[in-house]
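**Q** Sharing a structure with you now.
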Amino acid sequence: MNQLVFKVPLTKSDNSKLKDRLSKKISYNLRKFRQNRDLTQQELSDKAGLHLTYVGHLEAGKYHPSTYVLWKIANVLKVSLDDLVT
């Protein structure tokens, strides 16, 4: 059965909520994969070419990383971008 789907523009509030949920998901996955690989935040930041404080903020869900930053982290952790965001 076909369903009719209406696309409604997101409000700024909705967009902000989505970004926050995505940041929390990324922060959880980032920490999980980093710890599974027995890496410290310092080791991850060194290997990915990122500042230690930035990695800490990502794990705390305070920042919304770019696709490029996620790609750098995924390469170090040997996971896909999908693994980090889903």
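Quick note: the coordinates plus some simple rules give every number you see, no bench work behind them. Treat the numbers as computed from the prediction; the structure is a model and nothing was measured. Here the Cβ positions follow ideal geometry from the backbone for every residue, glycine too, while neighbour counts run over all protein chains shown.
**Q** Would you mind calculating the gained length between residue 12 and residue 38 on full extension (0.36 nm times residue separation, minus the Cα-Cα distance), in nm to one decimal?
**A** 5.5 nm
**Q** For the stretch 20-85, what is the convex hull (Cα atoms) projected area averaged across all directions, in square nanometres?
**A** Answer in nm², one decimal: 3.6.
**Q** Within the set 24/72; 24/78; 32/62; 12/72; 12/32; 25/78, which residue pairs have Cα atoms separated by over 27 Å?
**A** 12/72; 12/32
**Q** With angles folded into 0 to 90 degrees, how steeply does helix 67-77 sit against the dominant principal axis of the chain? Use alpha carbons for both and round to 10.
**A** Approximately 50 degrees, to the nearest 10.
**Q** Taking loop as defined by DSSP and a crowding limit of 14 other beta carbons within 10 Å, which trypsin sites (Lys or Arg not before Pro) in the stretch 13-86 fit?
**A** In loop regions of the stretch 13-86 (DSSP not H, G, I, E or B), the sparsely surrounded trypsin sites (Lys or Arg not before Pro) are 37, 62, 78.
**Q** Turning to a different aspect of this structure: Want the number for residue 81 to residue 51: 0.36 nm per residue separation, take away the alpha-carbon distance, what's left?
**A** Separation in residues times 0.36 nm, less the Cα-Cα distance, equals 8.8 nm.
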